[in-house]
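Remarks on the structure that follows.
The values are calculated or read from the model by the stated rules, or taken from the named source; none is laboratory data. Note that this is a predicted model, so its numbers are computed, not measured. For neighbour counting, all protein chains shown are included, and Cβ atoms are generated from backbone atoms with ideal geometry for every residue, glycine included.
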Amino acid sequence: MANIISLPTPEECAILILGYSGHTVEPDKAQDLWQKIIQHKWVLSEKIGRDVGSKVSCLDFIENIEAVDQSLHDEENIQLLRKLGAIMVTPDIWETISESQPPKAIVNKRIILPFTVTDLAQKHGVKPPRALLFFGPPGTGKTHFVRAIAGILHWWYVEVSPSDLMADGQDRLGINLKRVMEKVSELDNVVLFIDEFEEIAGSRDLASRIDKSITNEFLKQIPFLKKRNRRNLLICATNYIRQLDAALLRPGRFDCIIPVGGLDAQGRRIILEHYLSDTNTGEIDMEKIVSMLSMFTPADIEYLIQRVRQVAFESEYEEKKNCLVTTETFLNIIPEISPTLTQEITEEFELDCEKFKRF
Ligand SMILES: Nc1ncnc2c1ncn2[C@@H]1O[C@H](COP(=O)(O)OP(=O)(O)O)[C@@H](O)[C@H]1O
Ligand SMILES: [Mg+2]
């Protein structure tokens, strides 16, 4: 009882805390805080076996409470990331993409550097983009790129697809999308990736009432996310950019619209080498094989590798002797695979690039 009666007024408590610790506290919080500091003084003095004094208790308590607050905050964020299914991606993925692939240079200059060389970016008033869209034919490596970005930035990677967002019913897509975007907008160091984006933000001219409301919601969410001054990225990908709502593609929504097309020879070689590094290979004429894969996407190359590995595996099983993947194996299998890219697809992609690309 005596303690409570002798407790200083809120204003006096604020002055005491300021004097002892240099921290300014609102009077309405100061009295409660001062009581805790006095309790802390008793506990600390008990522990040490002498009176530690008000100044030491005040400083110790305030420093600890700040640390506690921060760790609570971190813990909350980690819980949130877990709920979102966030993963950490290895930075090596970046190395599997050839420097000669146009999107790599764009991503490096426009996204990675402004987020990593922050002083220089600030000096030149360069603000990192916050919302990106990748487009291009299927299997060209759009998802791979997004993972590579998360990996090289050492950020969390959160992937959502329309089917995830509709897991509890088609009519829940809009609300689930809003929730995920709101959560991510509170977090730093996160890449939020939305795949098959045309299913979320298709043209409103062709859409049903529900689809329209989702596109509208998304149009609202992008500026909301960008307004928060956080270190996070929204990246969307689509194989069908023509199906997207025109309003989304206008400047002000996505900061960059980046095409991901076919591979050049160097790009094909790097992917091939990557997969051959854990294949049981003999003599391989790289030059020859690379030249035969001009219309192959990374997905097609991955499939080709699976096929040649299977051939070697089956041969060894039957013949009971070491069987190697050689140029010959490739020459037999390549004609059996029809690559994703055709003249028509490539021409359409070129037209889309002219019309939509922006970075
Ligand atoms: N540069 C690359 N190196 C190795 N594998 C790649 C590369 N780019 C893509 N792949 C692989 O090719 C497949 C298709 O790529 P993906 O990113 O899913 O294409 P998209 O998202 O454009 O449909 C994936 O299994 C991916 O791991
Ligand atoms: Mg993909």
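Conditions (1) within 13 Å of ligand 1 (Cβ to nearest atom); (2) outside any helix (DSSP H, G or I), marked per residue:
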site: Ala105; (1), (2): no, no
site: Arg110; (1), (2): no, no
site: Pro114; (1), (2): no, no
site: Leu120; (1), (2): no, no
site: Gly125; (1), (2): no, yes
site: Pro138; (1), (2): yes, yes
site: Thr143; (1), (2): yes, no
site: Val146; (1), (2): yes, no
site: Ile149; (1), (2): yes, no
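So Gly85 passes all but one of these: (1) within 22 Å of Asp164 (Cα to Cα); (2) assigned to a loop (DSSP other than H, G, I, E, B); (3) within 14 Å of ligand 1 (Cβ to nearest atom). Which condition number does it fail?
(3)
Any idea which of Ile270, Ile289, Ile334 is in contact with a helix residue (DSSP H, G or I) (Cβ under 6 Å, 6 or more places away or on another chain), over 30 Å from Ala201 (Cβ atoms) and outside the structural domain of Asn108 (by TED's automatic domain parsing)?
Ile289
For the structure I just gave you, tell me whether Val190 is buried (at least 16 other Cβ atoms within 10 Å of the Cβ), within 16 Å of ligand 1 (Cβ to nearest atom) and closer than 23 Å to Lys227 by Cβ.
When the stated conditions are applied, Val190 does not pass them.
Tell me which residues, restricted to the stretch 99-127, are without any contact (Cβ under 8 Å) to a residue 60 or more places away in the chain, surrounded by 15 or more Cβ atoms within 10 Å (Cβ to Cβ) and within 18 Å of the chain's Cα centre (by Cα).
Lys104, Asn108, Ile112, Leu113, Pro114
Could you tell me how many of the residues in the stretch 142-154 are touching a strand residue (DSSP E or B) at 6+ places or on another chain (Cβ under 9 Å) and within 13 Å of ligand 2 (Cβ to nearest atom)?
Residues flagged as touching a strand residue (DSSP E or B) at 6+ places or on another chain (Cβ under 9 Å) and within 13 Å of ligand 2 (Cβ to nearest atom) within the stretch 142-154 amount to 5.
Quick one: Val180 ticks every box in (1) closer than 18 Å to Phe254 by Cβ; (2) within 16 Å of ligand 1 (Cβ to nearest atom); (3) not acidic (Asp, Glu) bar one, so which box is it?
Of the numbered conditions (1) closer than 18 Å to Phe254 by Cβ; (2) within 16 Å of ligand 1 (Cβ to nearest atom); (3) not acidic (Asp, Glu), the odd one out for Val180 is (2).
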